Amino acid sequence: MASTRPDHRIVILTGAGISKESGLDTFRDADGIWAKVRLEDVATPEGYQRNPRLVHDFYNARRANLANPSVQPNAAHQALARLERDWPGEVLLVTQNIDDLHERGGSRNLIHMHGELFRVTCTACGVIREERGEIDPDTVCPSCQTVGTTRPHVVWFGEMPLEMERIYEALETCRLFVSIGTSGTVYPAAGFVQAAALAGASTVELNMERSVGADLFDEHIQGPATETVPAFVDRLLAAS
Ligand code: BJW
């Protein structure tokens with residue numbers, strides 16, 4: 001890894017793999033979410049238009065699962081919070097995950113580029129609000145009283161991920177880019193490594209297996225996130 005100075009900005013991208021050991025399913029592993037439901041049905045605007053109840057049921061179930069007390073931040077989430085706290089420069093955490101385990105693990109400088117499970121948005125008035133219970137096609141928006149316009153605050157295929165300008169600005173000025181627990185198959189996140197490398201950053205992948213774009217990284221560290229991430233954070237802080 002090229003040298004990192006304490007004032008250097010670090011950008012970290014996380015995916016479903018970091019939450020796997022907390023009890024949440026990934027998408028593309030053999031036992032993942034896309035082995036159980038069709039992404040065209042539950043993760044596209046067209047699927048939602050065709051059958052909103054099916055989509056609400058899918059996200060209601062995931063919301064209930066995330067609220068289960070057995071689902072807690074793991075050692076990898078906690079290590080990233082420690083890095084943010086102890087690294088003298090900025091650490092920006094960009095997650096593709098819609099769970100709240102990074103926040104619960106202590107991270108604060110965080111972007112949920114694919115939205116948040118515990119939030120819903122009204123397509124009529126645009127108000128985004130917290131929701132920990134169930135929604136359905138008859139849900140009334142508490143802000144504008146419209147029926148049936150409340151949808152999960154998540155980014156589906158074909159929709160624009162959130163806060164892209166802020167993310168690219170950080171990628172263009174970071175000295176280290178780290179990708180954790182993502183298969184590198186979904187854009188624009190899959191292209192972040194190239195944007196960071198082009199700007200001169202060192203790039204490291206931590207994943208259970210070599211991702212689709214593993215060759216784009218300077219370094220690849222293989223293994224479960226609860227083991228690799230704390231060790232990697234120790235290494236960074238020792239060198240700072
Ligand atoms: C472990 C582990 C452990 C396991 N420890 N590791 C053709 C070419 C190129 C692009 C396109 C194309 N056609 C369409 C597109 C664009 C499209 C896209 O990328 N499609 C691809 C499928 C080709 N993208 C979009 O539509 C996006 N919007 C967009 O592009 O807008 C235009 C735009 C362009 C440029 C700039 C700005 C905008 C929107 C994508 C929305 C994705 N939404 C979802 C659902 C969100 C809500 C929800 O959660 O339900 O996001 S899909 C799903 O995939 C979810 C995830 O965030 C995302 C990524 O998945 P992730 O996290 O990588 O999970 P997995 O399962 O794939 O991988 C887990 C990894 O962990 C594995 O590698 C395991 O080995 C590992 N692992 N256990 C460490 N213990």
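Values in this text are rule-based calculations from the coordinates and carry no lab data. Just so it is clear, the structure is predicted and the values come from calculations on it, not from any experiment. Every residue, glycine among them, receives a Cβ derived from its backbone with ideal geometry; neighbour counts consider all protein chains shown.
For the chain, DSSP calls about 25 percent of its internal beta bridges antiparallel. Overall shape of the range 127-180 was characterised from the C-alpha gyration tensor. The equivalent ellipsoid obtained from it has semi-axes of 34, 12, 11 Å, in decreasing order.
Entry note, the chain: the mean residue ellipticity at 222 nm calculated from DSSP H runs of n ≥ 4, each adding -39500 (n - 2.57), is -9000 deg cm²/dmol after division by the residues and rounding to the nearest 500.
In what sequence, highest mean first, do 167-179, 212-224, 90-102 appear when ranked by Cβ atoms within 10 angstrom? Present the calculation step by step, with values, prior to reporting the outcome.
Numbers: 167-179: 21.5, 212-224: 15.5, 90-102: 23.2.
With the highest mean Cβ count within 10 Å placed first, the list reads 90-102, 167-179, 212-224.
Counting only Cβ charges, +1 for Lys and Arg and -1 for Asp and Glu, the dipole size of the range 173-240 around its Cα centre is about 180 debye.
Which one of VAL147, HIS77, LEU92 has its Cα pushed farthest toward the positive end of the charge dipole of the range 1-148, where Lys and Arg give +1 and Asp and Glu give -1 at the Cβ? Value: LEU92. Within the chain, CYS174 have no other Cys Cβ under 4.7 Å of their Cβ and so lack a disulfide-compatible partner by this rule.
Based on the convex hull around the alpha carbon atoms, the range 72-123 presents an average projected area of 3.9 nm². Here the convex hull built on the C-alpha positions of the range 46-180 has a volume of 124 cubic angstrom per residue.
Would you kindly work out the equivalent ellipsoid of the range 22-99 from its C-alpha gyration tensor and give its semi-axes, the square roots of five times the eigenvalues, largest first in whole Å? Mind showing how you got there, number by number?
Values: eigenvalues 186, 45, 29 Å².
So the equivalent ellipsoid measures 31, 15, 12 Å along its semi-axes.
Here the range 109-240 is described by how far its Cα atoms reach on the three principal axes: 54, 29, 29 Å, from widest to narrowest. Distances between every pair of Cα atoms in the range 182-240, grouped in 5 Å steps from 0 to the bin holding the largest one, split as 4, 18, 25, 24, 20, 8, 1 percent.
Percent of alpha carbon pairs in the chain separated by more than 33 Å?
On the way: 5419 of 28680 pairs.
The calculated P(r) of the chain puts 19 percent of pairs beyond 33 Å.
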